[in-house]
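One structure is given below, encoded as structure tokens.
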Amino acid sequence: MRIKHIALFAAIAAVSFSSGAAPQTTDNEVKVRAPNVKQVMMAPFMYDRVQGEYALEDGRVLQVKGKIGDGQRALYADLGDGPVELVHVGKKRFVAVDRDLSLRFQGDRIPETVFVREGDKRAVASVQR
């Protein structure tokens, strides 16, 4: 009898776990969540230094702008299709909140180069502003 209870409990746990992992759907729309990333504190000077316009090698212009509100600082990236919020993940690296986009800035005091990865596409900007 005990083995039947254990087997039943295991089956219920497996079903409830698999249903919790399924993507949420609403009216034929599938929402995919980005993996959780750990936000790292950003030095105040980095917040100011990464802001600007970057001409990408593929002809697009990346705009990085900051916004301060409610005592919080936030950075936004715009590749011409609307701004997305960025999260600092460490070592001059940022990822977008709701988009497959990552930025890596390179340079000692002022970023000289930014590496942009959007999905499977990569682009480089070698001059800021």
(request) Using Cα positions and a limit of under 14 Å, work out the aspartates and glutamates in reach of LYS92, with same-chain residues fewer than 8 apart set aside. (result) ASP48, ASP108, GLU112
(request) Two decimals is fine: what is log10 I(q)/I(0) at q = 0.11, 0.16, 0.17, 0.20 Å⁻¹ for region 46-126, from a Debye sum with one equal scatterer on every Cα and no solvent? (result) -0.25, -0.54, -0.61, -0.86
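Do any GluC sites (Glu not before Pro) in region 72-122 lie in a loop, going by DSSP, with at most 16 other beta-carbon atoms within 10 Å of their beta carbon, and if so which? Could the numbers behind the result be given before it?
Working: sites: GLU85, GLU112, GLU118; in loops: GLU112.
Of the GluC sites (Glu not before Pro), the ones in loops of region 72-122 whose Cβ has at most 16 other Cβ atoms within 10 Å are GLU112.
Every number here is computed from the coordinates shown, using simple stated rules; none is lab data. All of these numbers come straight from a predicted model, not from anything done at the bench. Counting neighbours? That spans all protein chains shown, and the Cβs are built from the backbone with ideal geometry, glycine included.
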